[in-house]
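Following: one structure in structure tokens, then a few remarks.
Nothing in this text is a laboratory measurement; each read-out follows from the coordinates by a stated rule. As the structure is a computational prediction, the values presented were derived from the model and not from experiment. Reconstructed Cβ throughout: ideal geometry from the backbone, glycine too, with neighbour counts over all protein chains shown.
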Amino acid sequence: MREEESPFRPGRVVDPDFFVGRAHEMEVLRTQFRIALKGAPTLVFIEGERGIGKTSLGLYGRHLLEAQEDAASAYVMLSHAESTNDAVRLIAERLVDGNVQAPWHKKVLGVLGGAFQEASIAGVRLKIRPRGDELGVFKEQFVYEIKKICDELEGERSGVLVIMDELNGLSESREFATWVKAVLDEPVAQRMALPLCIAMIGLPEARGSLIESHPSLARSMKTITIKPWTLTDTTRFYVDAFESAGAKVDPDALATLVSLTGGVPAYAHEIGNAVWCVADDLHITTRVAEGGLFQAAELIGRKIFKPRVLDAIRSKKYRAILRKLSKRNLNIRFTRRELIGDLDASEKNVLDNFLRKLRKLGAIERDEEGGVGTYKFCSYMHRFYFWLEASRAHSP
Ligand SMILES: Nc1ncnc2c1ncn2[C@@H]1O[C@H](COP(=O)(O)OP(=O)(O)OP(=O)(O)O)[C@@H](O)[C@H]1O
Ligand SMILES: [Mg+2]
């Protein structure tokens, strides 16, 4: 069927209407926001692997906290931020231009007007730019500026939510971590009630390096770890999405899709979309589901696993071991002992280094349930793709 009619959105942030699961994580975020409303700033770190749904939770959280808790919010992407100044400037900009539709927008602009000037681009979008070196002052006075905004919005908005996504690089900056710590502590030290909740989003490594940059942040921080969807959530996702487009999925086909998705929302969108494109009509049978799964494994593999894993393995011996491993049965688990039986002497010598490397690259992990020497691929999609790649490499 035609891709433009697909209900799946691979590579795009989810629309709140299609948001599935994460009720517990959402409640933790809401609680931290409510604690901040009592007057002391709170810090939340939303962590999880790539594609697990961190940004989606952040945006959905923003949507709900604005609608149900009367938050005023700023959502900033820090992927290109190189310094605290960059982060602070983005927060101020987003507080203004991310809320242009809000009736209280002018009040925020009124407060920030001292440090920033407003410019309209093509007469449509409002942007603000720091005046001269006022940005440094704004950074130092951040909590007082946010306090002024809260006071201005009294009766209209309950408090401020700042979401900082893609924290990854900045988490290594000691200056940034120290600034965050000061933002949390200063209002308390000054006995100033500041209803501010900061939600940071990043990979688990980013949380680690932020804490390394300022160890006492660990005590101030509430961590939300986003795990794979449950089988129930994954099932609901496929059923709702297909139903919204008028398609019906056979129970066996649904079970296959759910079990191979491994709870990763990014894969679910790719798989759903591939199944949609493979299907000739609105009836999704097992044959169609399997066809889609193979297409999706190719796609996800080319986009994600090839650059992150295959291209990172330069050694010919490692590549040979991976192919031998992948050509075994399609089981997601394997043991070191069964793998070693397939290898020649020189490959055996580097096997442990190979296993370490693949773990580091996030392709396999130790399988605690299976006991010592048991490993598993990190997802069925990894497993499928390496199998496809190995089959291709050995065919003429
Ligand atoms: N709860 C959800 N319901 C429906 N779709 C979701 C959900 N969470 C994530 N997705 C979808 O999964 C994909 C990946 O999600 P998202 O971009 O939020 O992940 P991420 O963890 O921020 O990834 P990255 O580490 O690459 O930034 C997107 O296409 C998104 O629409
Ligand atoms: Mg993201």
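Some points to look at:
- Calculated FRET value between LYS303 and VAL28, using beta carbons and R₀ = 35 Å, to 0.05: 0.65
- Cα shape, the stretch 193-325, gyration tensor, a/c 1.5 rule: oblate
- Net lengthening on full extension, GLU156/VAL137 (0.36 nm per residue, minus Cα-Cα): 4.1 nm
- The stretch 315-394: translational diffusion in µm²/s, Stokes-Einstein, Kirkwood Rh over Cα pairs, 25 °C, 0.890 mPa s: 195
- Shape class for the stretch 252-326, computed from the alpha carbon gyration tensor (a ≥ b ≥ c): prolate, with a/c not under 1.5 and a/b above b/c.
- Placing a label point 7 Å from the Cα of LYS222 along the Cα-to-Cβ direction, the residues of the stretch 158-176 with a backbone N closer than 16 Å are 159-164.
- Other-chain or far-sequence residues with amide H under 5 Å of MET77's (modelled H): ASP165
- Comparing LEU43, LEU339, LEU64 in a Gaussian network model of the chain where C-alpha atoms under 10 Å apart are linked, the largest mean-square fluctuation is found at LEU339.
- For ASP252, ASP97, order by how many other beta-carbon atoms lie within 10 Å, fewest first: ASP252, ASP97
- In plain terms, the residue of ARG9, ARG89 with the fewest other Cβ atoms within 10 Å comes first and the most crowded comes last, giving ARG9, ARG89.
- Taking ARG314, ARG157 and counting other C-beta atoms within 10 Å, the order from fewest to most: ARG314, ARG157
- q = 0.10, 0.11, 0.12 Å⁻¹: log10 I(q)/I(0) that the Debye formula gives for the stretch 22-225, counting C-alpha atoms only: -0.38, -0.46, -0.56
- Summing charges over neighbours of GLY370, with a neighbour being any other residue whose Cβ is under 10 Å away from its Cβ, gives 0 when K and R count +1 and D and E count -1.
- Around ARG302: net Lys/Arg minus Asp/Glu count, Cβ-Cβ under 15 Å: 0
- Summed residue charge, Cβ within 13 Å of TYR75's Cβ, Lys/Arg positive, Asp/Glu negative: -2
- Shape class of the stretch 1-93 from the Cα gyration tensor (axes a ≥ b ≥ c, square roots of the eigenvalues): oblate, since a/c reaches 1.5 or more and a/b does not exceed b/c.
- Computed across the chain, the Kirkwood hydrodynamic radius from all distinct Cα-Cα pairs reaches 23.5 Å.
- Added length on full extension, which subtracts the Cα-Cα distance from 0.36 nm per residue, ARG236 to ASP342: 34.0 nm
- For the chain, the relative contact order is 20 percent, taking Cα pairs closer than 8 Å that sit 6 or more residues apart in sequence and dividing their mean separation by the residue count.
- Using a simple spin-label model with pseudo-atoms 7 Å out from Cα toward Cβ, ALA67 and ARG2 lie 3.0 nm apart.
- Sorted peptide list for 285-295, 328-338, criterion being average Cβ within 10 angstrom, highest first: 285-295, 328-338
- Rounded FRET efficiency, nearest 0.05, which uses the C-beta distance separating LEU282 from VAL350 and R0 of 51 Å: 0.50
- Cα centroid separation - the stretch 276-310 against the stretch 336-396, whole Å: 22
- Bridge type composition, the chain - antiparallel percent by DSSP, nearest 5: 30
- Calculated FRET efficiency for the pair GLU82/PHE294, C-beta based, R₀ 51 Å, to 0.05: 0.75
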